[in-house]
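Written out below as structure tokens is the structure these notes cover.
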Amino acid sequence: MRFRGKDVLVTGGNSGIGRGIVHYFLKEGARVAFAGRDREKGRAVEAEAKAIEGEARFFQCDLSEEHQVEDLIGQTGQWGRLAVVVNNAGAGSRRSGIEPGDRPGARWDKMRGANLDSTYFVSSYALPLLRDFGGGAIVNISSTATLHGNWGLYCVAKAAVEALTRSLAIEGAPHRIRANCVSPGWIATETDTAAPASGAGDWTVAPSVFGRMGTPAEIAAAVAFLASDEASFITGQTLVADGGLSILDYTSLSLLEQRGSVLFSGMVGDIP
Ligand SMILES: NC(=O)c1ccc[n+]([C@@H]2O[C@H](COP(=O)([O-])OP(=O)(O)OC[C@H]3O[C@@H](n4cnc5c(N)ncnc54)[C@H](OP(=O)(O)O)[C@@H]3O)[C@@H](O)[C@H]2O)c1
């Protein structure tokens with residue numbers, strides 16, 4: 001119950017990883033406000049919160065619109081004890097609203113709006129509330145797309161989220177506000193049709209060194225750690241939670257596939 005007596009705001013909490021983060025903080029005793037555009041999905045997560053015996057309230061908001069974010073923070077601020085902000089809302093190419101016919105400027109506007117503007121607006125308006133609470137934590141969700149490169153602009157927007165996090169960490173420090181990032185690899189969610197939740201499925205390469213995708217709860221655990229007092233000396237950092245995917249190269253991937261059950265030998269070659 002690390003967050004009892006604290007309010008937590010989770011953007012994009014009405015589905016996927018964000019929904020897992022909402023569940024996690026509720027189980028840790030927090031009161032949770034969460035935001036998204038789809039009211040129906042928001043109501044469903046509110047109902048799930050009752051089953052967990054927690055208090056969660058959905059706020060409908062397009063987070064790429066500054067005035068809507070200002071309203072959102074105004075409303076959540078009335079609760080009066082905002083201690084944690086999780087900027088989880090975001091969208092890759094398929095979900096960013098980019099259409100094939102969009103010109104470059106429109107594509108960038110949409111990608112930036114969903115991933116970077118949302119994080120920047122929410123953080124900016126929430127900072128005074130966190131300060132007035134006596135300090136707090138911001139945790140932003142980026143992506144390992146920033147490490148690997150990625151088709152399109154998603155990796156660019158997410159890299160900017162990581163850079164923004166470092167600036168927030170500097171500016172927040174005098175007010176006892178920490179800012180960090182969690183960078184997920186491939187995470188299976190209920191909205192994901194690319195691969196089944198249980199494992200690698202039809203994928204031709206492993207989505208992690210464990211041969212499976214991660215879960216929203218595994219990302220939520222990393223977020224909660226960085227938001228908690230246990231991470232009191234950690235700020236401006238990005239914690240990669242990708243099941244080791246980013247340490248693989250083609251050689252280690254093929255070795256993993258061929259010799260996955262061999263215990264550490266200290267050498268690459270035949271094991272006596
Ligand atoms: N799943 C993965 O493998 C993975 C890997 C790395 C990083 N990530 C990142 O993790 C975060 C969550 O992803 P997910 O897989 O859980 O995707 P998801 O199920 O599509 O959830 C995205 C959430 O963001 C919200 N959102 C997007 N644009 C918004 C906007 N303009 N205003 C308000 N809400 C907005 C959506 O709400 P509405 O539906 O109501 O619009 C939804 O709740 C994203 O930042 C994503 O980039 C995911």
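Checking each residue in region 1-23 for being within 13 Å of the ligand (Cβ to nearest atom) and among the charged types (D, E, K, R) picks out only ARG19.
So that you can scan it fast, the table gives a plain yes or no per residue for (1) within 16 Å of the ligand (Cβ to nearest atom); (2) part of a strand (DSSP E or B); (3) out of contact with any Pro (no Cβ under 6 Å at 6 or more places or on another chain):
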position: VAL85; (1), (2), (3): yes, yes, yes
position: SER118; (1), (2), (3): yes, no, yes
position: ASN140; (1), (2), (3): yes, yes, yes
position: ALA157; (1), (2), (3): yes, no, yes
position: GLU162; (1), (2), (3): yes, no, yes
position: PRO174; (1), (2), (3): no, no, yes
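Evaluating SER64 against the criteria (1) among the small types (Gly, Ala, Ser); (2) closer than 18 Å to ILE21 by Cβ; (3) touching a helix residue (DSSP H, G or I) at 6+ places or on another chain (Cβ under 8 Å) leaves one unmet condition, (2).
For region 88-100, the count of residues that are under 25 Å from ALA222 (Cα atoms), assigned to a loop (DSSP other than H, G, I, E, B), basic (Lys, Arg) and away from the ligand (no atom under 16 Å from the Cβ) is zero. Check PHE225, PHE233 and return the single one that is at pLDDT 95 or above and within 19 Å of the chain's Cα centre (by Cα). Of PHE225, PHE233, the one residue that is at pLDDT 95 or above and within 19 Å of the chain's Cα centre (by Cα) is PHE225. Scanning region 211-259 for residues that are within 16 Å of ALA83 (Cα to Cα), exposed (fewer than 14 other Cβ atoms within 10 Å of the Cβ) and not small (Gly, Ala, Ser) turns up ASP229, GLU230.
For ASP62, indicate whether it is surrounded by fewer than 20 Cβ atoms within 10 Å (Cβ to Cβ), part of a loop (DSSP other than H, G, I, E, B), near the ligand (Cβ under 9 Å from one of its atoms) and not β-branched (Val, Ile, Thr). When the stated conditions are applied, ASP62 passes them. Within region 103-116, the set of residues being within 16 Å of the ligand (Cβ to nearest atom) and not polar (S, T, N, Q) comprises ALA106, ARG107, TRP108, ASP109, LYS110, MET111, ARG112, GLY113, ALA114, LEU116.
For region 24-33, the criterion of being within 9 Å of the ligand (Cβ to nearest atom), of a type in the set (Gly, Ala, Ser), surrounded by 24 or more Cβ atoms within 10 Å (Cβ to Cβ) and not in a loop (DSSP other than H, G, I, E, B) is met by none of the residues.
The values are calculated or read from the model by the stated rules, or taken from the named source; none is laboratory data. Bear in mind the structure is a predicted one, so any value in this text is a computation, not a measurement. No Cβ is skipped: glycine too gets one built from the backbone with ideal geometry, and neighbour counts run over all protein chains shown.
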